[in-house]
1. For the stretch 24-60, which residues satisfy the criterion of being of a type in the set (Ser, Thr, Tyr) and either within 20 Å of residue 118 (Cα to Cα) or within 25 Å of the chain's Cα centre (by Cα) (or both)?
2. When you go through 147, 181 one by one, which is the residue that is touching a helix residue (DSSP H, G or I) at 6+ places or on another chain (Cβ under 9 Å) and part of a helix (DSSP H, G or I)?
3. Which number in (1) more than 30 Å from residue 157 (Cα to Cα); (2) touching a helix residue (DSSP H, G or I) at 6+ places or on another chain (Cβ under 7 Å); (3) open to solvent by 30 Å² or more (accessible area, probe 1.4 Å); (4) in contact (Cβ under 8 Å) with a residue 40 or more places away in the chain marks the one condition that residue 118 misses?
4. For the stretch 40-91, which fully contained helices (runs of 4 or more DSSP H) count at least 1 residues that are of a type in the set (S, T, N, Q) and open to solvent by 60 Å² or more (accessible area, probe 1.4 Å)?
5. Say we look at the stretch 139-176 and pick out the residues that are of a type in the set (Asp, Glu) and within 30 Å of residue 67 (Cβ to Cβ); which of these is least open to solvent (accessible area, probe 1.4 Å)?
6. Show the residue pairs meeting these rules: Cβ distance below 7 Å; 6+ apart or different chains; first residue within the stretch 69-87 and within 19 Å of residue 115 (Cα to Cα); second residue among the aromatic types (Phe, Trp, Tyr).
Amino acid sequence: MTRKSTGARAAKTAANRAKMLAAARELFTTRGYPQTTMRAIADEAGMAVQTLYFTFATKRAILSELLDTEIAGDTEPVATMDRPWFADVLAAPPAEQLRLQAAAAAAIYARVSSLLEAVRSAAAADPELADLWQTNIDQRHQVQVRLAEALAAKTTLREGMTVTRAADVALAVLSPETYRLLVHQCGWTGAEWESWATDALTLQLLPPEPEDAR
């Protein structure tokens, strides 16, 4: 087999994988995860169901890959805290760090909030999804702990605020549930949510500005 034909086959395989993932995303977010079957995904993607099973093996595997790629925004196997944008957030001055945290969350939730809601809503009746949802919460909390540590290393936090409490506050403010409530239910724009989240983090985590600085 020539290098050209190998490349063409790899490109076709990647395109088919992307088509199956897109089909699954559509069905998970419109029908719900429990109601979506492997055959339904295959039909939506225009693929044989055997091809879907060969590629992913299980519906849970499809969901896990969808979450990974949509949260990241690409297919690169790089963890959130190893990404360049995260390093930029860590290096920013305190107020800018909080603005960048809110901006990053807004960008991620614009891609993945509907999928996360599909997982959250199905978790109560599915132990596997309950584990997946808890893992997602734990991972988001780990990110916020690292960011809170960086913030505390650069500035005094608001009176009475510890690093642990700061991470908890950020986890709540920057949660997919809050984003979905305000953007999907109340009709806010993503930019309005981002501005609100920035203000909330700033007021909660940073000490008040001196009177003469206002």
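1. Applying the first criterion (of a type in the set (Ser, Thr, Tyr)) to the stretch 24-60 yields 29-30, 33, 36-37, 51, 53, 55, 58.
Matches in the stretch 24-60: 29, 30, 33, 36, 37, 55, 58.
2. On the way: 181 fails: touching a helix residue (DSSP H, G or I) at 6+ places or on another chain (Cβ under 9 Å).
When all the criteria are applied, what remains is 147.
3. The failed condition is (3).
4. On the way: elements: 49-56, 59-72, 84-91.
By residue number, 49-56.
5. Filtering the stretch 139-176 for residues of a type in the set (Asp, Glu) gives 149, 159, 168.
Narrowing further to those that are within 30 Å of residue 67 (Cβ to Cβ): 149, 168.
Values: 149: 90, 168: 63 Å².
Among those residues, the one meeting the criterion is 168.
6. 80/86
The values are calculated or read from the model by the stated rules, or taken from the named source; none is laboratory data. The shown structure was predicted, so the numbers you read here are calculated from the model rather than taken from an experiment. No Cβ is skipped: glycine too gets one built from the backbone with ideal geometry, and neighbour counts run over all protein chains shown. Ligands, DNA and RNA are excluded from the accessible area calculation, which covers all protein heavy atoms including side chains. Shrake-Rupley method; radii C 1.70, N 1.55, O 1.52, S 1.80 Å.
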